[in-house]
Structure formats: structure tokens, C-alpha cells
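K.L.:
Mind looking over this structure? Questions follow.
The values are calculated or read from the model by the stated rules, or taken from the named source; none is laboratory data. As the structure is a computational prediction, the values presented were derived from the model and not from experiment. Cβ sites come from the backbone with ideal geometry, for glycine too, and all protein chains shown count toward neighbours.
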Number of protein chains: 4
Amino acid sequence: MLMEFSIIPIGIGSSLGANIAEVLKIIDASGLPYKVNPMGTVVEGEWDEIMKLIKKCHKTVMKSGERVVTTISIDDRKGKPNRIEGKVRSIEKRIGKSLKK
Amino acid sequence: MLMEFSIIPIGIGSSLGANIAEVLKIIDASGLPYKVNPMGTVVEGEWDEIMKLIKKCHKTVMKSGERVVTTISIDDRKGKPNRIEGKVRSIEKRIGKSLKK
Amino acid sequence: MLMEFSIIPIGIGSSLGANIAEVLKIIDASGLPYKVNPMGTVVEGEWDEIMKLIKKCHKTVMKSGERVVTTISIDDRKGKPNRIEGKVRSIEKRIGKSLKK
Amino acid sequence: MLMEFSIIPIGIGSSLGANIAEVLKIIDASGLPYKVNPMGTVVEGEWDEIMKLIKKCHKTVMKSGERVVTTISIDDRKGKPNRIEGKVRSIEKRIGKSLKK
């Protein structure tokens, strides 16, 4: 299953880089396959292991602030492993062209 | 903390009412404070209890289909209980007018 | 078509009430059918009229800050008018029970 | 400003690849800077030009189905151009490590 998530600390100023860096360190250390993009991070795995990771990231950001808004999008499809690489590749195959990633 | 979530079964046709009804029965039976709206359901509680509920709803819909897309938005604010009633009420107070709910 | 949206000013502190009140005043004055909930506002209408409203709300909040995060969810279904009332009502009919709103 | 969006046709089966390919062709032809990821596409530009693109994509998918769910996340920050490259790069600089993209 794929989950994309994004964590926004509210009320600490408009530069969120220090918090986001801390979150990415946790994700990178988790061992789960991930891909970071300018609006969030996509992680592949089972429900419980990804949710444990997101909770850890959310709670870490919450420590340094008073309010945190986190959004999660889940795409769960039976019998489809390695979708973190496969989804975009299959679109490129259909189009017959490499896309910007 | 508040979480709004929405569960969409993909590939079972464009009428999702039977699945959504099943999900709402589970939410209503959970005992957690909730409010349903035309685009999702807002639940108030602690991280683990709400996530347990969302997982149960997601897995229930997954049973009857091959693919499910679930989205979750979390608003976590320290020291603010009963926000499921309080957030909209405090806006109405500021505006001095009752809003459509 | 239904759109739910939520506008979060970043970096102005953790209390967002004044900004949200301003947004709700604009929505309420728009004349479009809407329903506010603790996590956002659902509006019913055509693409262009709702997007014009959301842009106005987003730009208004942007005036008083440096960074704004806005999320929009769109549910577009052919030949289904008055879904802002009808969606929840049809679920209640299926369940045979009134839900919390 | 950055917008990430994702378009899901409902009721046409669980394989959405043909529709997504059509959407990506439109995005790629738009000339706007974009990055595709396994859960959506991030585009950089001004409000009106990105919204025109998203509307075109949404309407194209709507032609071949009865129901479409589209989600949009907007991150608008004053005086920050080229964030589609810069956001992730600045996180990598802070961490002192290249992230998976």
C-alpha cells in the first residue's frame, strides 16, 4: 500500500525547513521504501508500519510547537507490490515517453 | 485531536452508498464524537483510538473491492478539548452570525 | 459538483480564528449553498463559480501573511444536483438512522 | 506557487492507467514545470494557469466516466520562485544527505 503524507507545524513562522528536515531524517532511517517530492513524501508498506512511522513524525513535530496539521492519502490495491516504482513507470510505458520526476 | 477522513472504493461503480453506509455504521458504533458532512466524517479523540477506527473502516471497504483510496486530515492542537463543537462556534461568535452546518 | 476546502495561514501563530472568520464571511456572502464543519467548508456549484470563491478566500488570507496552504477536494458526479443535502440523507436512509451532523 | 493534484475516476474499474496517462500527456504538454510522483503531480506556476490546467485534466477524465474525485493541495509562499526544485534541495542541505526522489 502507498501513503503520501505531509506534516505542517502551525504558528512557528513561515519557514518550516528545520522541522521538515527532522521528519525526513526519521523517514530515511525507517528502512521503508520512500520518495520525497516538493509537497510530501510517499511511503510503501503495510498499514501498521507506515502509520507507526507517520505517528512518530507527527509527534516529533508536535514537541516543538502547539499545533500541527498532517494530511495522509492512502492508495491500497490488492496484489500490487512495488507500486512506488511501478505506478509512474507504467504510465510512462503507456505514453511512450519519460516524465519529469 | 480532530481527524476528518473519507474512504473511496475504486472500481465498484459510481454509486458508493452501500459501502459508505457500512462505514458510517462502524463510526456511529465507535462511541467517539463525530460529525458527518457531504465529503467526509470528522472524529475527535486520541491518535491511536481514531486510527484504529479508520483502519477498521478502510479494511471493511477493502473486503468488498480491489482498491480503496482513503484520505485523512489531522488537526492536533495542545490543550484544546471539545474542538468538534468549539471550532465552528468560535467562528460564529467572531462573525456574530450563525453559519450553515 | 461538491468541493470541500480548507485554508491555513502559516506563520501567524497557532490561533487562526480571525482569518477563518474572514473566509467564512466571504463564503456566506457568495450565495452558493455551503456547509461548514470543524475541518473545512463544503460548497456546491459549478467549477468556475466555486474556484472563483476559493481563489478570493485564498488571496484574502494571503494578504495578511506570507504563506498559505489550501486544500481542495472535489466530488463531481454527472446528473446529481443538490448533493450537499442529498448525500448524507441517502446514507441515513440506508442505515435507517439519523447521523450526527 | 506549488499545487499537487490527483484525479481519480470512480466506477470504471480499479485500473486507472489509461485515464492517468491522458492526464499526464496534458500536463507534459502544458509547458509548466511539473514533477510526477506515485500519488500525484506537483506543478509550479500562478493560480490561474495551474487551475486552468487542472480543470482541463478533470474535464477530460470526466468525459469518459460518470464520477471523478480530484484533490488539490496548494502551497503559496511570497517571494519564493523555483520551489519545485528548491524545497527538497534545501532539506537535503540541512540534513547533509541526498534523499530518495
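K.L.:
Within segment B:56-75, can you find the residues that are among the acidic types (Asp, Glu) and crowded, with 21+ Cβ neighbours inside 10 Å?
P.N.:
Our first condition is that a residue be among the acidic types (Asp, Glu); within segment B:56-75, this holds for B:66, B:75.
Hit for segment B:56-75 is B:Asp75, nothing else.
K.L.:
Quick check on segment A:52-59. Is at least one of its residues within 19 Å of D:Glu4 (Cβ to Cβ) and modelled with pLDDT of 95 or more?
P.N.:
Looking only at segment A:52-59, we keep the residues that are within 19 Å of D:Glu4 (Cβ to Cβ), and these are A:54, A:57.
Narrowing the set further to residues that are modelled with pLDDT of 95 or more leaves A:54, A:57.
Taking every residue of segment A:52-59 in turn, at least one turns out to be within 19 Å of D:Glu4 (Cβ to Cβ) and modelled with pLDDT of 95 or more.
K.L.:
Return the residue satisfying two criteria in turn: it lies in segment B:1-31 and is buried (at least 18 other Cβ atoms within 10 Å of the Cβ) and in contact with an Asp or Glu (Cβ under 7 Å, 6 or more places away or on another chain), and of such residues it is farthest from C:Lys100 (Cα to Cα).
P.N.:
Residue satisfying both the conditions and the ranking: B:Met1.
K.L.:
Go through (1) within 14 Å of chain B (Cβ to nearest Cβ); (2) surrounded by 15 or more Cβ atoms within 10 Å (Cβ to Cβ) for D:Leu99 and report which single condition fails.
P.N.:
So D:Leu99 meets the others, but not (1).
K.L.:
Since D:Glu46 meets every condition but one in (1) acidic (Asp, Glu); (2) under 19 Å from B:Ile8 (Cβ atoms); (3) surrounded by fewer than 21 Cβ atoms within 10 Å (Cβ to Cβ), which condition does it not meet?
P.N.:
(2)
K.L.:
Sticking with this structure for a sec: Being touching a residue at least 24 places away in the same chain (Cβ under 8 Å), more than 21 Å from C:Leu2 (Cβ to Cβ), more than 7 Å from every other protein chain (Cβ to nearest Cβ) and not basic (Lys, Arg) is the requirement here; does D:Met39 meet it?
P.N.:
On the way: touching a residue at least 24 places away in the same chain (Cβ under 8 Å): yes; more than 21 Å from C:Leu2 (Cβ to Cβ): yes; more than 7 Å from every other protein chain (Cβ to nearest Cβ): no; not basic (Lys, Arg): yes.
Against the criterion (touching a residue at least 24 places away in the same chain (Cβ under 8 Å), more than 21 Å from C:Leu2 (Cβ to Cβ), more than 7 Å from every other protein chain (Cβ to nearest Cβ) and not basic (Lys, Arg)), D:Met39 does not qualify.
K.L.:
So which residues in segment D:57-96 are more than 7 Å from every other protein chain (Cβ to nearest Cβ), more than 18 Å from C:Met51 (Cα to Cα) and of a type in the set (D, E, K, R), if there are any at all?
P.N.:
D:Lys63, D:Lys80, D:Glu85, D:Arg89, D:Glu92, D:Lys93
K.L.:
When you look at C:Ile84, is it in contact with an Asp or Glu (Cβ under 6 Å, 6 or more places away or on another chain), assigned to a helix (DSSP H, G or I) and in contact (Cβ under 8 Å) with a residue 24 or more places away in the chain, yes or no? Before you say what the answer is, go through the steps one by one.
P.N.:
On the way: in contact with an Asp or Glu (Cβ under 6 Å, 6 or more places away or on another chain): yes; assigned to a helix (DSSP H, G or I): yes; in contact (Cβ under 8 Å) with a residue 24 or more places away in the chain: yes.
In short, yes.
K.L.:
So which residues in segment A:76-88 are surrounded by fewer than 16 Cβ atoms within 10 Å (Cβ to Cβ) and within 21 Å of D:Glu85 (Cα to Cα), if there are any at all?
P.N.:
A:Glu85
K.L.:
Here's a follow-up. Would you call D:Ala29 free of Cβ contacts under 8 Å to residues at least 60 places away in the same chain, hydrophobic (A, V, I, L, M, F, W, C) and in contact with a Lys or Arg (Cβ under 9 Å, 6 or more places away or on another chain)? Reasoning before the result, please.
P.N.:
On the way: free of Cβ contacts under 8 Å to residues at least 60 places away in the same chain: yes; hydrophobic (A, V, I, L, M, F, W, C): yes; in contact with a Lys or Arg (Cβ under 9 Å, 6 or more places away or on another chain): no.
Against the criterion (free of Cβ contacts under 8 Å to residues at least 60 places away in the same chain, hydrophobic (A, V, I, L, M, F, W, C) and in contact with a Lys or Arg (Cβ under 9 Å, 6 or more places away or on another chain)), D:Ala29 does not qualify.
K.L.:
Also, I was wondering about something else. Strands (runs of 3 or more DSSP E) wholly in segment A:1-77 with at least 3 residues that are more than 11 Å from the chain's Cα centre (by Cα) - which ones? Talk me through it step by step, then tell me what you get.
P.N.:
On the way: elements: A:2-10, A:34-37, A:40-44, A:67-77.
Passing ranges, in order: A:2-10, A:67-77.
K.L.:
Would you mind telling me which numbered condition in (1) free of Cβ contacts under 8 Å to residues at least 12 places away in the same chain; (2) under 22 Å from D:Glu4 (Cβ atoms); (3) among the aliphatic types (A, V, I, L, M) C:Leu99 fails?
P.N.:
Going through the list (1) free of Cβ contacts under 8 Å to residues at least 12 places away in the same chain; (2) under 22 Å from D:Glu4 (Cβ atoms); (3) among the aliphatic types (A, V, I, L, M), C:Leu99 breaks only (2).
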